[in-house]
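Participant: First the structure, then my questions, so here it is.
The values are calculated or read from the model by the stated rules, or taken from the named source; none is laboratory data. This one's a predicted model, so the numbers in the text were calculated from it and none came from an experiment. We place every Cβ from the backbone using ideal geometry, glycine too, and count neighbours over all the protein chains shown. Side chains are part of the model used for accessible areas, which takes the heavy atoms of the whole protein and leaves out ligands, DNA and RNA. Shrake-Rupley method; radii C 1.70, N 1.55, O 1.52, S 1.80 Å.
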Amino acid sequence: MASVYYFLSDIFQALKGTNTTILTEKDVPGTDLTGKWIIITGGNNGIGFEAAKSFAAWGANLILGCREPPEWEQHPTAATKECKDIAQTHGHSSIIEFWPLDMADFESVEAFAQRWLTSGHALDILCNNAGIAAAPLSAKTKDGFHPVHQINFLSHVLLTLRLLPSLADQTPGRIICSTSSYHFLGNYDPELYCGPGMAGNPYRDNKLYYQMWLTELQSRLIKHPDYMGIIIHGIHPGFVASSIWTLVRKEGGRVLDFLLSYVAIDSQQGSLAITHAATSPEFGPDPKTHGVGAPNGRGGGKFINRIWEISPKREVSDPELRLQVWGKVTERLNLAEKGLLDVVGV
């Protein structure tokens with residue numbers, strides 16, 4: 001009976017991710033970000049681009065970390081120009097740039113992180129947004145991993161760990177990670193296996209691993225004297241009709257087309273999950289545990305469905321399972337070789 005209950009509960013929680021409530025400026029009022037520095041991966045398209053536009057309107061300096069896009073996506077140079085125009089329209093003289101970043105290539109991630117760390121700027125907000133919906137099970141990146149595993153998860157872990165010192169320089173820094181309500185449908189595998197013949201679904205499984213990893217990271221940040229002010233959250237933007245579905249629409253057929261046309265929200269609405277988690281005092285540091293932050297901050301390690309906090313899947317709350325994920329990621333990213341073992345007490 002317990003297994004049936006959990007199964008039905010997970011489906012219910014996943015379906016809550018299709019909430020189509022229209023959010024307004026009253027729900028996500030934004031804040032003055034003049035002088036703040038924000039990095040957003042995948043900032044040229046979809047919810048990333050919409051979030052970048054909001055940040056630009058609020059005065060932030062922006063780095064859009066993007067790959068050379070496929071033909072159906074906006075090029076990062078066009079996205080950068082539009083964000084600059086928005087900033088100027090709102091009276092801001094912000095620095096807004098496109099920096100190459102291919103999450104399917106660890107070398108590109110390392111080069112991007114090194115470029116940032118030598119820029120001399122402290123980082124206020126890191127938005128780990130880039131992702132893909134699917135890839136053939138036989139596909140591999142140049143680093144030997146399934147593309148969904150690397151792009152949606154491993155590369156963002158590497159980028160986050162590399163940039164923690166910069167986030168610590170601007171306490172309280174925030175990290176916003178695009179996980180998903182579909183993590184409730186993920187199957188936990190202690191090997192985080194992502195390859196031919198896998199039983200699970202790469203997208204859903206990796207969203208589960210990602211939420212587990214970031215929750216474990218938060219538990220370590222609050223114990224670290226240099227990083228205790230940094231906040232990390234996982235967010236679900238909603239079921240969004242963006243170009244992330246372009247390659248899977250053919251396989252999804254009429255059902256997916258119908259859902260995207262009549263059920264999904266648009267990218268602007270989806271982006272509010274990012275901007276709200278990144279700026280709301282509600283999701284800021286808890287002064288009782290961090291010693292910093294707004295009085296009504298509730299601390300980090302949350303899972304936020306659009307703008308509402310909900311409890312994540314039960315595996316996320318299991319410290320032993322989180323340690324398994326942490327250990328496997330440490331192994332796959334060769335953190336010892338990269339000099340990152342001691343960053344957060346691995």
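Participant: Quick one: in the stretch 16-67, which of the residues that are of a type in the set (K, R) and out of contact with any Cys (no Cβ under 9 Å at 6 or more places or on another chain) is surrounded by the most Cβ atoms within 10 Å (Cβ to Cβ)?
Facilitator: Going through the qualifying residues, I end up with K36.
Participant: So, one more: Among E320, E315, which is the only one that is open to solvent by 70 Å² or more (accessible area, probe 1.4 Å) and either in a loop (DSSP other than H, G, I, E, B) or at pLDDT 95 or above (or both)?
Facilitator: Answer to the selection: E320.
Participant: Just checking, which of H149, H90, H183 is open to solvent by 50 Å² or more (accessible area, probe 1.4 Å), more than 19 Å from P69 (Cβ to Cβ) and touching a residue at least 12 places away in the same chain (Cβ under 8 Å)? So that I can check it myself, show each step before the final result.
Facilitator: Numbers: H149 fails: open to solvent by 50 Å² or more (accessible area, probe 1.4 Å); H183 fails: open to solvent by 50 Å² or more (accessible area, probe 1.4 Å).
Unique residue meeting the criteria: H90.
Participant: Tell me the residue from G43, G59 that is touching an Asp or Glu at 6+ places or on another chain (Cβ under 9 Å) and within 27 Å of S166 (Cβ to Cβ), please. Break it down stepwise before answering.
Facilitator: Details: G43 fails: touching an Asp or Glu at 6+ places or on another chain (Cβ under 9 Å).
The unique qualifying residue is G59.
Participant: Oh, and also: Quick one: is S9 modelled with pLDDT under 95, of a type outside the set (A, V, I, L, M, F, W, C), open to solvent by 70 Å² or more (accessible area, probe 1.4 Å) and not in a loop (DSSP other than H, G, I, E, B)?
Facilitator: no
Participant: If you take the residues of the stretch 270-286 that are part of a loop (DSSP other than H, G, I, E, B) and not hydroxyl-bearing (S, T, Y), which of them is nearest to the chain's Cα centre (by Cα)?
Facilitator: Filtering first and then ranking leaves G284.
Participant: Shifting gears a bit: Can you report the number of residues in the stretch 179-200 which are modelled with pLDDT of 90 or more and out of contact with any Gly (no Cβ under 6 Å at 6 or more places or on another chain)?
Facilitator: Residues that pass the stated criteria total 11.
Participant: Applying the selection to the stretch 113-132, what residues are open to solvent by less than 50 Å² (accessible area, probe 1.4 Å) and touching a Phe, Trp or Tyr at 6+ places or on another chain (Cβ under 6 Å)?
Facilitator: L123, D124, listed by residue number.
Participant: Would you be able to tell me the number of residues in the stretch 22-48 that are at negative phi and either without any contact (Cβ under 8 Å) to a residue 24 or more places away in the chain or in a loop (DSSP other than H, G, I, E, B) (or both)?
Facilitator: Summing the residues that are at negative phi and either without any contact (Cβ under 8 Å) to a residue 24 or more places away in the chain or in a loop (DSSP other than H, G, I, E, B) (or both) in the stretch 22-48 gives 16.
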